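Undergrad: My questions will all concern the structure given below.
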Amino acid sequence: MGRRVKTVLVDLRQAIDKLAPVTGDRLPPERELRGILGCSRETLRACYATLEQEGEIWRHVGQGTYRGHRPVHMPLRDTLLVEGATPPDLMQARLLLEPQVAAVAALRADESDVAHLRAKVGDGRGARDSAACEQADNAFHCAVAETSRNPVLTGFLIYVSGARRRVTWQREWDRTYRSIAPDEFQTIHSDQHDRVVDAIAAADPSAAATAMTDHLKTIEAAMLDKD
């Protein structure tokens, strides 16, 4: 948690005590709280995520944010899961899911699938900035999922990928990208993508899962080392 978020979190707790003192009280709208706290929407959302994990608040899409634990009869909406996802949350989910998707793809890919995946790797090598690199990377991972020919696995991956469009992920991605020379960053990722495709082309599910795991751990390590 960044220093700015920690500072605002202290102020937010105090504001909640004054503005929503009783369990079940609705907090003021985000715009009002941002004005009171003097913070950005991104920082407020990060604070909300912490408080929600602690059971101090709960959110209902379209209705507001409330003090206290979520009522047992209120299911957790999938949009809130994505909204509150942090980069470590996302990487953990990807490490659990994507190696297995790659393994299934290795069992079901044909020559046209492999050619399509090679083309996606080529797009990544040709990316010239962080936005293009992110777009190419996402397209490659979606192509691997599609190669699995399992709509449930593809749907899960698309859902997880939705979190990559959130502000928090983009900030971490941009900071990671700037910490490594662009040509090195693109080469590392593209080489790892190539190894995933090689394993899929060889119909080797174990090697495909391992190659995907190695690739995702490289991203995770780069994010951890960015500071």
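Undergrad: For the range 64-136, please list each of the helices (runs of 4 or more DSSP H) lying entirely inside it that holds at least 2 residues being at pLDDT 75 or above. I'd like the intermediate steps shown before the answer.
TA: Details: elements: 78-83, 87-108, 111-125.
The qualifying helices (runs of 4 or more DSSP H) are 87-108, 111-125.
Undergrad: Looking at the range 23-40, which of its residues are in contact (Cβ under 8 Å) with a residue 40 or more places away in the chain and surrounded by 12 or more Cβ atoms within 10 Å (Cβ to Cβ)?
TA: Residues of the range 23-40 in contact (Cβ under 8 Å) with a residue 40 or more places away in the chain: 23-27.
Selection gives Asp25, Arg26, Leu27.
Undergrad: How many residues, within the range 47-63, are among the small types (Gly, Ala, Ser) and modelled with pLDDT of 80 or more?
TA: Number of matching residues: 2.
Undergrad: Kindly evaluate Ala163 against the criterion of being of a type in the set (A, V, I, L, M, F, W, C) and at pLDDT 90 or above.
TA: no
One line per residue, one yes/no per condition, for (1) in contact with a Cys (Cβ under 7 Å, 6 or more places away or on another chain); (2) β-branched (Val, Ile, Thr); (3) touching a residue at least 40 places away in the same chain (Cβ under 8 Å):
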site: Val101; (1), (2), (3): no, yes, yes
site: Ala106; (1), (2), (3): no, no, yes
site: Arg118; (1), (2), (3): no, no, yes
site: Arg125; (1), (2), (3): no, no, yes
site: Asp129; (1), (2), (3): no, no, yes
site: Asn138; (1), (2), (3): no, no, no
site: Ala143; (1), (2), (3): no, no, no
site: Arg149; (1), (2), (3): no, no, yes
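Undergrad: On to the next question. Within the range 5-22, how many residues turn out to be modelled with pLDDT under 90, surrounded by fewer than 14 Cβ atoms within 10 Å (Cβ to Cβ) and part of a helix (DSSP H, G or I)?
TA: 1
The values are calculated or read from the model by the stated rules, or taken from the named source; none is laboratory data. Since the model is a prediction, treat every value here as computed from it, not as a measurement. No Cβ is skipped: glycine too gets one built from the backbone with ideal geometry, and neighbour counts run over all protein chains shown.
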